[in-house]
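Remarks on the structure that follows.
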Amino acid sequence: NAGVTQTPKFQVLKTGQSMTLQCAQDMNHNSMYWYRQDPGMGLRLIYYSASEGTTDKGEVPNGYNVSRLNKREFSLRLESAAPSQTSVYFCASSRDPGDGYTFGSGTRLTVV
Amino acid sequence: KQEVTQIPAALSVPEGENLVLNCSFTDSAIYNLQWFRQDPGKGLTSLLLIQSSQREQTSGRLNASLDKSSGRSTLYIAASQPGDSATYLCAVSNSGYALNFGKGTSLLVTP
């Protein structure tokens, strides 16, 4: 019972490089989310997908793109990484609106 | 925009004490409220989920209450243990989707 799996767990990028953070859930959840966590700022929503085929912006979407590849997978892409995107990124999922969230273990990203 | 505040930011108690963590929010038109636990360097673990129509939820030594009219929730931890040491996060949803998080209360329970 894996829950929400995020890869990679750690990544160092140079400014301007691109990368994709992967997230997959095996709980047949309909909704998936990407958050970033920064010291002193708490967790902030980047993008979410209420259901397969839909995506919506959250509080801090600039510099990111997302793809809901299928019901299980929701990826986050940084096209041109900036030092301000150094953060811990969490993927989460929920079955239906109002249900509890299940979080992945996070990806620690450093942009130098 | 929903603002979520958690007080205190940090708390240290001796083992065995009962304690209360506080969460307040500015927009009372919430869908639900969740309490999470986060251990250092780890992800978030859901502790309790309270729907807007509910007043409280209980799980083991944990009890969470919700007062929408005053924009407050409390997490009560009975008979605290060193293993309860972690950061506790309160999160509110107005839509059923996006969560607005507080900055957390860092709890240390000393033996």
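Points worth noting:
- Strands (runs of 3 or more DSSP E) completely within chain B that count 1 or more residues being within 14 Å of another protein chain (Cβ to nearest Cβ) and of a type outside the set (Val, Ile, Thr): B:4-7, B:10-14, B:19-25, B:32-38, B:44-51, B:56-59, B:62-67, B:86-93, B:99-101, B:105-110
- When residues of the stretch B:87-111 are limited to those that are aliphatic (A, V, I, L, M) and open to solvent by less than 10 Å² (accessible area, probe 1.4 Å), the one farthest from the chain's Cα centre (by Cα): B:Val109
- The set of residues from the stretch A:55-108 being touching a helix residue (DSSP H, G or I) at 6+ places or on another chain (Cβ under 8 Å) and among the aliphatic types (A, V, I, L, M) comprises just one member, A:Leu78.
- Scanning the stretch B:33-52 for residues that are out of contact with any Phe, Trp or Tyr (no Cβ under 9 Å at 6 or more places or on another chain) and modelled with pLDDT under 95 yields B:Pro40, B:Gly41, B:Lys42.
- Within the stretch A:69-81, considering residues that are farther than 9 Å from A:Thr20 by Cα and under 11 Å from the mean Cα position of the chain (by Cα), the one most open to solvent (accessible area, probe 1.4 Å): A:Glu73
- Criterion (open to solvent by 10 Å² or more (accessible area, probe 1.4 Å) and either among the hydroxyl-bearing types (Ser, Thr, Tyr) or within 14 Å of chain B (Cβ to nearest Cβ) (or both)) met by exactly one of A:Gly100, A:Gly63, A:Gly104: A:Gly100
- Residue within the stretch A:5-16 that is under 13 Å from the mean Cα position of the chain (by Cα), surrounded by 14 or more Cβ atoms within 10 Å (Cβ to Cβ), more than 8 Å from chain B (Cβ to nearest Cβ) and closer than 23 Å to B:Trp35 by Cα present: yes
- In the stretch B:42-56, the residues that are in contact (Cβ under 8 Å) with a residue 24 or more places away in the chain form Cβ pairs under 8 Å with partners that are among the basic types (Lys, Arg) and surrounded by 17 or more Cβ atoms within 10 Å (Cβ to Cβ), at six or more places apart or across chains, as follows: B:Leu44/B:Arg37; B:Leu47/B:Arg37.
- In the stretch A:35-60, the residues that are of a type in the set (Phe, Trp, Tyr) and open to solvent by 20 Å² or more (accessible area, probe 1.4 Å): A:Tyr47, A:Tyr48
- Applying a threshold of 9 Å to beta carbon distances and a minimum spacing of six or more residues, or different chains, the list of pairs starting in the stretch A:21-39 at a residue that is among the acidic types (Asp, Glu) and ending at one that is not in a loop (DSSP other than H, G, I, E, B) reads A:Asp26/A:Val4; A:Asp26/A:Thr5; A:Asp38/A:Arg44; A:Asp38/A:Ser87; A:Asp38/A:Val88.
The values are calculated or read from the model by the stated rules, or taken from the named source; none is laboratory data. Predicted, not measured: the structure shown is a model, and the values here were computed from it. When we count neighbours, we look across all protein chains shown, and the Cβ atoms used for this are built from the backbone with ideal geometry, even at glycine. We work out accessible area using only protein heavy atoms, side chains counted, and drop any ligands, DNA or RNA first. Shrake-Rupley method; radii C 1.70, N 1.55, O 1.52, S 1.80 Å.
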